[in-house]
1. On the basis of being open to solvent by 80 Å² or more (accessible area, probe 1.4 Å) and in contact with a helix residue (DSSP H, G or I) (Cβ under 7 Å, 6 or more places away or on another chain), does Y133 make the cut?
2. Take the residues in region 136-164 that are open to solvent by less than 30 Å² (accessible area, probe 1.4 Å) and assigned to a loop (DSSP other than H, G, I, E, B), then tell me which one is nearest to K34 (Cα to Cα).
3. Taking helices (runs of 4 or more DSSP H) that fall entirely within region 1-119, which contain at least 2 residues that are closer than 23 Å to T132 by Cα?
4. Which residues, counting only those in region 26-51, are among the charged types (D, E, K, R) and crowded, with 18+ Cβ neighbours inside 10 Å?
5. Test each condition in (1) touching a Lys or Arg at 6+ places or on another chain (Cβ under 9 Å); (2) surrounded by fewer than 20 Cβ atoms within 10 Å (Cβ to Cβ); (3) in a helix (DSSP H, G or I) for A172 and report the one that comes out false.
6. Please go through region 7-17 and pick out each residue that is open to solvent by 40 Å² or more (accessible area, probe 1.4 Å) and modelled with pLDDT of 85 or more.
7. Run R89 past the list (1) out of contact with any Ser or Thr (no Cβ under 8 Å at 6 or more places or on another chain); (2) of a type outside the set (F, W, Y); (3) at pLDDT 95 or above; (4) open to solvent by less than 30 Å² (accessible area, probe 1.4 Å) and report the number of the one that doesn't hold.
8. Of all residues in region 52-86, how many are among the β-branched types (V, I, T) and open to solvent by 30 Å² or more (accessible area, probe 1.4 Å)?
Amino acid sequence: MDLYFEPRIVTLNQPGSDPERCIKRFYVLKDYVKEGSIGAEIGVFKGSFLDYMLALKPGKLYAVDPWYRLHPDWFWAVDDKSTVTALIRILQAFRPEIESRKLEVCVEFATEFLDRQSDFSLDWIYIDTSHTYKQTMAEVLVARNKVKRDGFIMGDDYYEDETHVHHGVCKALRELEADK
């Protein structure tokens, strides 16, 4: 599967959301996200990865982020820091998918969204939220009961270096694996 589209939302100056990184993530996820599947991108930020997720042709994609419920602005963002502006751009850019119900935008925290899902109802979940140990652990503990038995929980920013700001993802996942 190759990409033949111009992304509707591009964040060139935003580390981690630039097109090159989105393409790399796409090629990893394409082996796990099957056409017609039901999944969630949790931690949408400015929406630069949504086109890539939709290119995998899920039957339903939930785009989950607290946006303005978290803060009015992302202090770590580059250029436009407004959470409201990001949400508005996503709603405008993906209007056809929202109206056809292929994409559902959920202004919720990860665990709120996951708590309202039926157990074993999702084929996959892609988590890209705060990257802290505590939040990642809480999200994965809830998420593991929401994916089907043959489903996948995937994520972003797995850093083994204990000094890295995103090491919490690695730490949480290693602890969960050790508890099996």
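1. Judged against the criteria, Y133 is not a match.
2. Step by step, filter region 136-164, then rank; the result is K146.
3. 19-29, 83-93, 110-116
4. Going through region 26-51, the residues among the charged types (D, E, K, R) turn out to be 30-31, 34-35, 41, 46, 51.
Hits for region 26-51 are E41, K46, D51.
5. Answer for A172: the failing condition is (2).
6. Once the filter is applied, which keeps residues that are open to solvent by 40 Å² or more (accessible area, probe 1.4 Å) and modelled with pLDDT of 85 or more, region 7-17 yields R8, V10.
7. Going through (1) out of contact with any Ser or Thr (no Cβ under 8 Å at 6 or more places or on another chain); (2) of a type outside the set (F, W, Y); (3) at pLDDT 95 or above; (4) open to solvent by less than 30 Å² (accessible area, probe 1.4 Å) one by one, R89 breaks only (4).
8. 3
The values are calculated or read from the model by the stated rules, or taken from the named source; none is laboratory data. This structure is a prediction, so every number in the text was calculated from the model and none was measured. Cβ sites come from the backbone with ideal geometry, for glycine too, and all protein chains shown count toward neighbours. Note: areas computed on protein heavy atoms with side chains; ligands, DNA, RNA excluded. Shrake-Rupley method; radii C 1.70, N 1.55, O 1.52, S 1.80 Å.
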